[in-house]
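Okay, so here's the structure we're looking at.
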Amino acid sequence: MFSSASKVKGQGVGSAYEELIALLKAHFPDEFDVKINNYSRSEISHYHTIDPQFYLSTFMPGRGRKIGYVHFLPETIEGSLKIPQPFRAIFYKYVIAFYKRMDHIVVVNPTFIPKLTAYGIPEDKISYIPNFVHKSEFYEMGSKQKREVRELLQIEQDRFVILGIGQVQERKGVKDFIRLAKENPQIQFIWAGGFSFGRMTDGYTELKRVVDNPPKNLKFTGIVDRSELVKYYNAANLFLLPSYNELFPMSVLEAFSCGTPVLLRDLDLYHAIISGFYAPAANVAEMQTQITNLVQNPQALAQLHEKAKQASEEYSEAHLANIWHGFYMRQAREGSVHVKKE
């Protein structure tokens, strides 16, 4: 495994990477010898991030079957980071060059497959494997525990709470989250996350101004350790992610795993992976309509709670363990066939 994702806290790439490492160690401790950022010979080299030193390593002997994990494409970086020209164009070309160096690509959303083929990567070299989360880390608490968590987080017991999680950036729709907080002073809004990339974050100056002086009913927690997020999900009545662009957000899976009802900006890419499990909204006005309905209609909120639990089963650790096992075994076989041909 090759990754530097854990160096930057509060981003989904790191969460997905850590979940996979934990899954392999828990389910296949005797089958897979997993090494982290180790350049010794291996049957499979799985690249989770696109660091230049990792790219250079693909030209070294002994890398075995090279697997690339696609967590983003050039177009999905827009709205996340401010990269001035000409560096932006150079970086985007590098991203695709990295993916093309791989023997096989894994995407977390099937809608990325035609986009990668448009960049010249053959479809038979691409596999779709969704993200997942561990139930041991993200789980629904009992009513007593939920009350205790609210007390710990200093949240009023009878107040409706809407939670957002992720980096504070334009792409995540944080401005819309802020607007909804201003329009619903009776509701407690919480955004758990911060500026993982500091001033490089798109929209940093304007967002930082609000983060430093938010409305009374809106709390920005800053970057929260992933082990603590389960408390926030269980303290919330509703999870809202107003992102304009996503792949397969870990935060949505974490919310599902905790049984937290989910409201999302209705992106096309969600239709292929979690359709029917969340309340959709095309824009801020529809988000407001959904919020008003869910606050006033406990039965509708309870239905979303049930859908969250159903989604959690579909993207369970056990199910994905079998998928990853089969994938790695096939790649190992492909690698051995390639070596024999040479």
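If the segment from F59 to K93 were pulled out straight at 0.36 nm per residue, it would be longer than the present Cα-Cα gap by 10.4 nm. In terms of other Cβ atoms within 10 Å, H134, H46 run from fewest to most in the order H134, H46.
For R330 and E206 in the same chain, what is the full-extension length gain: residue separation times 0.36 nm, less their Cα-Cα distance, in nm?
Working it through step by step, the gained length comes to 39.8 nm.
Could you compute the net charge surrounding P110? Neighbours are other residues with a C-beta less than 14 Å from the C-beta of P110; K and R count +1, D and E count -1. Surrounding charge for P110 is -2. Under 17 Å from a label point set 7 Å out along the Cα-to-Cβ vector of E314, the amide N atoms of segment 225-250 belong to 247-250. Among A332, A311, A26, the largest mean-square fluctuation in a Gaussian network model of the chain (Cα springs under 10 Å) belongs to A26. Annotation for S136 and R101: the two label points, set 7 Å from Cα along the Cα-Cβ direction, are 3.4 nm apart.
Principal-axis analysis of the Cα atoms of the chain puts helix 12-27 at an angle of about 70° to the longest axis.
Among Q53, Q186, Q331, the residue with the largest mean-square fluctuation in a Gaussian network model of the chain, with springs joining Cα atoms closer than 10 Å, is Q53. Its Cα centre serving as origin, segment 143-314 has a Cβ charge dipole (Lys and Arg +1, Asp and Glu -1) of approximately 460 debye. Each of K307, K100 was scored by other Cβ atoms within 10 Å of its Cβ. Listed from fewest to most, they are K100, K307.
Working from label points 7 Å from Cα in the Cα-to-Cβ sense, the E286 to E228 distance is 3.5 nm.
Readers should treat all values here as calculations from the given coordinates under stated rules, not as data from a laboratory. All of these numbers come straight from a predicted model, not from anything done at the bench. Using ideal geometry, Cβ is built from the backbone for each residue, glycine included, and neighbour counts are taken over all protein chains shown.
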